[in-house]
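First up is the structure itself, then whatever we jot down about it.
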Amino acid sequence: DEGGVEVTRYDKIHLFDVDVPDAQESYQESSVYCPGNNVVVIDSPVGKLGLAVCYDMRFPELFRQQVAQGMQVLLIPAAFTRTTGRAHWHALLRARAIENLCYVAAAAQTGVHAGGRETYGHSIIYNAWGDVLGELAEEEGVVLAELDLTQQQQLRTQFPALKNRRL
């Protein structure tokens, strides 16, 4: 909260247990971590925030549950590998923004890390129409954007894809 007190906790639900295609990279997060079980949406001064981490972004059903809980903004910090980032980072984040008619703010690690692991970077903010509001490629810094939740609600009303779902 504004006083620095932890008001909620999100534990990553989907662990990255993957042999990355076309790269000599293998990850087994489940050998070190246990997955979380709770879908988290919190109230904040800037709206209802949905929380997710990195590999979670590949599982759209998580975000449908968050939308059902009123999510307006998805926050998703990540350390995507350079290989998977080049292939999927922008496409997945933009899809999450468009399909859920929500803002997506993704903070991303970049650079070369211990053991030679490379992360893609590209911290970015999308609006509910899938437009980029701000991005940092591979440099350190801060990405800022103005969020207009009234405009987002108008879009959700005018383009009622969330209400038109049948499954």
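The values are calculated or read from the model by the stated rules, or taken from the named source; none is laboratory data. What you are looking at is a predicted structure, and each value in this text was computed from that prediction instead of being measured. Note: ideal-geometry Cβ built from the backbone for every residue, glycine included; neighbour counts use all protein chains shown. Remember, those area values only see protein heavy atoms, side chains included, never the ligands or the DNA or RNA. Shrake-Rupley method; radii C 1.70, N 1.55, O 1.52, S 1.80 Å.
Worth pointing out:
- Toward the positive end of the charge dipole of the range 81-167, with +1 on the Cβ of Lys and Arg and -1 on the Cβ of Asp and Glu, the farthest Cα among TYR103, GLY130, GLN158 is that of GLN158.
- For LEU133, residues with placed amide H under 5 Å, excluding near neighbours: ILE125, TYR126, ASN127
- When all protein chains stay in place and ligands, DNA and RNA are ignored, the 1.4 Å accessible-area order of LYS163, LYS48, LYS12, largest first, is LYS163, LYS48, LYS12.
- For the range 49-86, backbone nitrogen atoms closer than 19 Å to the point 7 Å from TYR27 Cα along Cα-to-C-beta are found at 51-63, 75-86.
- For the range 97-167: rounded, prolate or oblate by the Cα gyration tensor [a/c cutoff 1.5]: oblate
- Expressed as a whole percent, the accessible surface of the chain that belongs to carbon and sulfur atoms is 51, based on a 1.4 Å probe.
- Mean accessible surface per residue for the range 97-167, computed with a 1.4 Å probe while every protein chain stays in place, in Å²: 63 Å²
- Kirkwood analysis of the chain, using all unique Cα-Cα pairs, places the hydrodynamic radius at 16.8 Å.
- Relative to the current alpha-carbon distance between VAL7 and THR150, full extension at 0.36 nm per residue lengthens the span by 48.9 nm.
- A 1.4 Å probe over all protein chains sorts LEU155, LEU74 by accessible area into LEU155, LEU74, starting with the largest.
- Rounded accessible area of CYS54 (nearest 10 Å², 1.4 Å probe): 20 Å²
- In this Cβ point-charge picture (+1 for Lys and Arg, -1 for Asp and Glu), the range 1-94 has a dipole of about 340 debye about its Cα centre.
- Order of exposure, largest accessible area first, which applies to SER31, SER44 with probe 1.4 Å: SER31, SER44
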